[in-house]
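To keep things clear, I will list the structure first and then write my remarks on it.
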Amino acid sequence: MKITKRSLPKLSREKWLEFSIQALEKDCKSKLSLDSLIQVMPVTKGSFYSHFKNRTDFLLALVDYWDRNDTQSIIDALARLHEDLSPEDRLWELTQAIHDLELNRYELLIRTISFEYPETRDAIEKVDRRRIDTLRKLFAEIGFEGMECEMRARVYVTAISQERSILNALPEEDWMEFCRKRHLFFIQPKVLE
């Protein structure tokens, strides 16, 4: 018996999203083509339509998948950290986890999707607001107020989001040193006057 795509087990919606985001990131494609996804995944076109109504439904589900796996999971983990950890230490743990778990791996892809498919922008902006709100609270716990707190939250989110695309050539030991210095920069008082 010959194995074909039709004889493979049906992918769940979640697996469809997982494989899709990996394939899109690997091939640096944001211009979505169902045919190109089907070529690199063990699925049929019918499988797509059994999980998603159309391209917009798929893209919004992809953004939700990214949010749940790369944002909400880390916000939840941050909330579970021991209360005896200082906010500075929680910020360091957050930075380490994002790097170690590659939680910024799909940022460039998601940002490109938001430019090419306007129907995804509101969902992506909602994720960004939640990220900034989380960091604003953490920087407020460190002792920053007003614009000092706001700027740190926004710059941190921006830096972490884009670090993989900008710093991907750094050897691991250089990356760790860079992270330590960046961490100190963020927690030092009164950069803005």
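The values are calculated or read from the model by the stated rules, or taken from the named source; none is laboratory data. From a predicted model like this one, the values you see are computed outputs, not experimental measurements. Here the Cβ is made from the backbone with ideal geometry for all residues, glycine too, and neighbour counts use every protein chain on show. The protein model used for the area step is the full one, side chains on, heavy atoms only, and it has no ligands, DNA or RNA in it. Shrake-Rupley method; radii C 1.70, N 1.55, O 1.52, S 1.80 Å.
What the table below lists for this structure:
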read-out	value
Candidate set from segment 33-91 (those that are outside any helix (DSSP H, G or I) and of a type in the set (Asp, Glu)); member that is farthest from Arg130 (Cα to Cα)	Asp84
Residue list for segment 100-109, filter: crowded, with 18+ Cβ neighbours inside 10 Å and assigned to a helix (DSSP H, G or I)	Glu107, Leu109
Tabulated pairs, segment 110-122, first closer than 12 Å to Val63 by Cα and assigned to a helix (DSSP H, G or I), second open to solvent by 40 Å² or more (accessible area, probe 1.4 Å) and of a type in the set (Ser, Thr, Tyr), C-beta under 9 angstrom, 6+ apart or interchain	Glu119/Thr56; Thr120/Thr56
Filter result for the condition that a residue is open to solvent by 20 Å² or more (accessible area, probe 1.4 Å), over 21 Å from His183 (Cα atoms) and over 13 Å from the mean Cα position of the chain (by Cα), over Asp57, Asp67, Asp84	Asp57
Top-ranked residue of segment 132-154 - restricted to ones that are among the charged types (D, E, K, R), open to solvent by 30 Å² or more (accessible area, probe 1.4 Å) and part of a helix (DSSP H, G or I), ranked as farthest from Leu184 (Cα to Cα)	Asp133
Inter-residue pairs, beta-carbon under 6 Å, first more than 13 Å from Thr120 (Cα to Cα) and in segment 44-66, second open to solvent by less than 10 Å² (accessible area, probe 1.4 Å) and in a helix (DSSP H, G or I), 6+ apart	His51/Trp16; Phe52/Phe58
Residue check for Thr56: more than 30 Å from Phe185 (Cα to Cα) and in contact with an Asp or Glu (Cβ under 6 Å, 6 or more places away or on another chain)	yes
Some residue of segment 114-122 being hydroxyl-bearing (Ser, Thr, Tyr), under 18 Å from the mean Cα position of the chain (by Cα) and open to solvent by 50 Å² or more (accessible area, probe 1.4 Å)	no
Whichever residue in segment 156-177 is at pLDDT 85 or above and in contact with a helix residue (DSSP H, G or I) (Cβ under 8 Å, 6 or more places away or on another chain) and, among such residues, is surrounded by the most Cβ atoms within 10 Å (Cβ to Cβ)	Tyr156
